[in-house]
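The values are calculated or read from the model by the stated rules, or taken from the named source; none is laboratory data. Source: prediction; values computed, not measured. Positions of Cβ are backbone-derived with ideal geometry, glycine not excepted, and every protein chain shown enters the neighbour counts.
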Amino acid sequence: MDDSRVAKCTYGAGTLMLILSSTTTFDWLSNELCSRFKLKLGHFELRYSFMDCSNCLLESDDDLKIMFMVCGLMKDQLIHIAVRDKAVVNHVQTVNTNMIASPFLLESAPNNYSFAQDEDTCKDSSQTGSIVDSSAASSSCLSMDFDGISSEFGNEYLGKYGSCGGRKYLSTDWEGYITHEGQKFEGGVCEFRDKLAKYAIENGFKMKYLKNEPRRVTAVCAKKESNGCEWNVHAVKSNVNGFFYIKNLNNVHSCSGLIREKRNKAMGSRLVSSIVKDKVRSNPLVRPIELITDLKENYGLDVPYHVAWYGKESATKDLHGDEELSYAHLPWYVDVLKASNVGSHCVLDCGEDGSRFQRIFICYKASIDGFRWCRPMLFIDGTFVTNKYKGTLLGATAKNGNKEVFPFAFAIVFGETADNWRWFLQRISEVLVDEGRQLTFISDRHGAIIDAVRTVFPASAHGFCLYHLKENLKKKYPHSVGSSFKDHILWLFCKLLYAPTVEEYQDILKKLRDDGGSKIIDKFLADLPVQNFANAFFPGKRYGEVSNALSESFNSWVKDVRRLPIYEMIDTIRVKMMEMISRRKLASEKWCSVLCPVIEDELKNLAAKGRHWRICRASESIFEVHADLSVMVNLDERFCSCYQWQLLGFPCQHAIQVIQHSGLCLYNFVDEYYKADFYRATYATPIFPIPDIEKPPAGDVFLLPPHTRKPPGRPPTKRFKSSSETTRQLKCKRCGSCDRHNRRTCKAPI
């Protein structure tokens, strides 16, 4: 085991780095310092320090052993040794002696000063070279820190006016990065340049390269010409193993002004990249301003914004590879995916000549098997990709029995065009060819989606998102009508959508046309087929789902990965799905209920509402429930005249009271999709890992990225909100109201 430590020996403005081990003797250390600093034996004194202990005497081999023991306990690889002239030390010890001889000083000495009452603890003047009064030495000795005399003495009496305590920065270890000749750098020239720059920053000097080549690097102190500083380092690359070795090193500075600066030109983007790489890996969306704050607090460095920005981009490229080369890995990834997850449906479209990426579709075997146990509904939507080559991520999402997101399939295309949506749904139809269930689609009113669903799934019901319909209707009215009027119209429109019967729909429509203006309402509904939004005319079964919020949840779920290169993006989504399936499977095995927990709670809440209702039997399966209004419940047909049972696929509160009144099992009247057994079957098939240990180099496969054109300006990372979406209210700083004015235009009396 290597027990060597690096010792930073400082004498005046000079610094010497030495390698010490447990076999090092005090005589060898003294002779080495004499030869390097041009000193004489007996004319200097050594003191070492760590984080929590400073100015410890180093005078013998025993002191060296104690120093190594403390260093091992504190797990510190760097030892600070201060070389002091005996004349300076004698002066300080004389001051200490005078302090001890003064009764006033003895009485007012603070508690942290230690007084030795034993004569043996005092150093004899002949041994230490001190000028010590013999009478004072025989009575007591005062132990004080050497550095405390000049700067810290009396600081504890100053209170808030005293100097603030320091802290140990993460860059402290940088000062020991360059130590000795023969030092090895397994990372080659990149590691050597990185550590050399950090070493120069931490030790407070500037350097310049005389040679900076892949095979050899020579650097000297920037003050070589002005001050004649002899510091230099020369490292070369080994032809045997490719490592970099320091061949020549003069690690002593003869120049002045070695003070570490907060802002250093050597702190470039590549150096910032090596520091923040772990932070970017854990949070790809970290902002440059956050990196600047982190470098300031943890490293004590001031970095310009543009350096932090380029450093983050460089770290992202190092972590996830070049975006252009990322496309070359896709053919290999598709083959390995099909081999490791047998039954998965993956299609890579490379155009007519097969050399340029067009689009890719992925649906894992676990998603295909799991969807059979979910309600036959798919929520489809697209979201933009924010990496270098842009594009659109199309997603099809289902909802499991516990009302959670179940990602089914996704594709990466160049845009939300009719052709791409048609191609995406055709791949889904190939997956569901043996499904045998009637599908229902939920989406916004994107024209390409409407055309694709009508073409590929002509027999399937297609519902429009209520949220987007409300936003479209809100735009039909000017701002002058006021928010209260708009809220009333939107409330009527929601009632129109939820109306369970045609008669109810017509009554609400008449009210909506009267209050909202027949011209505006008729024009809005003219382009809105009733079978795509109203419950009274909807041809399929959507289980009460009237919005596309599930797709928005999926878009938010993949938000952090949309800026990654395409290969990393796809594989990160796979890993997220793999972990989600495993996590939910393990959690569901602990369930003791018949239904999923969310559905079980809803059932309990509904059962507690109508216990006081009177129930009358009409036949074996038909009942009348006398609530605020009387309704009819048919258990055989699973029908209630409130229509909630039919619309939701879940017993309404009237049906629940009838079932309990009849002494039947309530769980037998709940759709199987809501039961825990179906939930466990949804996640029974796992997504298997795709190790890239055998991934071939990108140069072995030739696949070009798609054609794209970078728009001017900074790339946007957030979508532009429509005028109807909620915006931040403007609050006047003068009167405090939110009445669409500011302090400059405020006319309110105060």
Test: residue in the stretch 422-442 that is more than 23 Å from Ser367 (Cβ to Cβ) and among the acidic types (Asp, Glu): no
One residue from Phe414, Phe379, Phe384 being touching a residue at least 40 places away in the same chain (Cβ under 8 Å) and surrounded by 22 or more Cβ atoms within 10 Å (Cβ to Cβ): Phe379
Qualifying residue in the stretch 199-206 (condition: without any contact (Cβ under 8 Å) to a residue 60 or more places away in the chain, touching a Leu at 6+ places or on another chain (Cβ under 9 Å) and not assigned by TED's automatic domain parsing to the domain that holds Gly311): yes
Scope the stretch 313-352; condition charged (D, E, K, R) and at pLDDT below 90; matching residues: Glu313, Lys317, Asp318, Asp322, Glu323, Glu324, Glu352
Test: residue in the stretch 533-542 that is within 25 Å of His468 (Cβ to Cβ) and in a helix (DSSP H, G or I): no
From the options Arg427, Arg445, residue that is over 20 Å from Ala534 (Cβ atoms) and under 35 Å from the mean Cα position of the chain (by Cα): Arg427
Check on Leu425, surrounded by fewer than 20 Cβ atoms within 10 Å (Cβ to Cβ), aliphatic (A, V, I, L, M) and within 30 Å of Thr685 (Cβ to Cβ): no
Contacts under 7 angstrom Cβ, first residue in the stretch 226-250 being within 12 Å of Glu186 (Cβ to Cβ), partner surrounded by 13 or more Cβ atoms within 10 Å (Cβ to Cβ) and aromatic (Phe, Trp, Tyr), 6 or more apart: Lys237/Phe244; Ser238/Tyr245; Phe243/Phe185; Phe244/Phe185; Phe244/Phe192
Some residue of the stretch 676-694 being part of a loop (DSSP other than H, G, I, E, B), aliphatic (A, V, I, L, M) and either surrounded by 15 or more Cβ atoms within 10 Å (Cβ to Cβ) or in contact with an Asp or Glu (Cβ under 6 Å, 6 or more places away or on another chain) (or both): yes
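Results for (1) outside any helix (DSSP H, G or I); (2) within 26 Å of Ile566 (Cβ to Cβ); (3) aromatic (Phe, Trp, Tyr), shown as yes or no for each residue.
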position	(1), (2), (3)
Gly401	yes, no, no
Ala411	yes, yes, no
Asn420	no, yes, no
Trp423	no, yes, yes
Asp434	yes, no, no
Lys470	no, no, no
Leu492	no, no, no
Lone unmet requirement of (1) surrounded by 20 or more Cβ atoms within 10 Å (Cβ to Cβ); (2) basic (Lys, Arg); (3) part of a strand (DSSP E or B) for Lys198: (3)
Ser355 vs. criteria modelled with pLDDT under 95, over 20 Å from Val433 (Cα atoms) and out of contact with any helix residue (DSSP H, G or I) (no Cβ under 8 Å at 6 or more places or on another chain): yes
Lone unmet requirement of (1) surrounded by 22 or more Cβ atoms within 10 Å (Cβ to Cβ); (2) closer than 30 Å to Asp322 by Cβ; (3) more than 28 Å from the chain's Cα centre (by Cα); (4) aliphatic (A, V, I, L, M) for Leu394: (3)
Filtered residues of the stretch 664-694 (kept if aromatic (Phe, Trp, Tyr) and either over 21 Å from Tyr543 (Cα atoms) or in contact (Cβ under 8 Å) with a residue 40 or more places away in the chain (or both)): Tyr667, Tyr673, Tyr674, Phe678, Tyr679, Tyr683, Phe688
